[in-house]
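Working notes for the structure below.
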């Protein structure tokens, strides 16, 4: 997992409430068993017109928004089905951080396990971030747990275990591998049945 300590990036505001996982990545694109290749289908039904052309009105298609790494959104982001592909699609598109008012519990955990940092901030802070210009950057300082926008800092909470995993760029497998000597020792202590 890629480490996140202090991240500075541009934003895409998508302030809808109750954006569900089927809107994030529609079911017809769930055939790939890899964690990559989903970004091109992110928000597919909103990004494309019926004839397959990009919808010029949808914000992810705006030229000045390309390269944004922080998604600003509404309440209950990632509700709906438990598909992990939603987190994969957001990451594959290039989002490193999502800032919302609340999340579905399963989606929240899928993000943390796949290197996308989910942050919860109040509506007023998110409205300010949603209103900045496309090329203006905000800063997320994970060690100090604040988001800075236009000189104002907004504190966020995060579980200390996940905070350290993001800062160190480690996932559950990395943590398990830290105990490989003990695992080997235990396996060697088991009786042989051959």
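Observations on the structure shown:
- Relative contact order for the stretch 1-64, counting Cα pairs under 8 Å that sit 6 or more residues apart, in percent: 27 percent
- In the elastic network of the chain, a GNM with C-alpha springs shorter than 10 Å, the most mobile of 26, 122, 56 is 56.
- Highest-MSF residue in the chain out of 174, 51, 20 [GNM, Cα springs under 10 Å]: 51
- Of 53, 65, 83, the one that fluctuates the most in a GNM where the chain has Cα springs shorter than 10 Å: 53
- The chain: angle of helix 180-189 to the longest principal axis, Cα-based, in degrees nearest 10: 30 degrees
- Beta bridges from DSSP with both residues in the chain: antiparallel share about 50 percent, rounded to the nearest 5.
- Helix content alone sets the calculated 222 nm mean residue ellipticity of the chain: runs of n ≥ 4 DSSP H residues at -39500 (n - 2.57) each, divided across all residues, give -8000 deg cm²/dmol.
- Cα Rg, Dmax (largest Cα-Cα span) when computed across the chain, Å: 18.9, 68
Computed from the coordinates by the stated procedures, all read-outs in this text should not be read as laboratory data. None of these values were measured; they are calculated from a predicted model.
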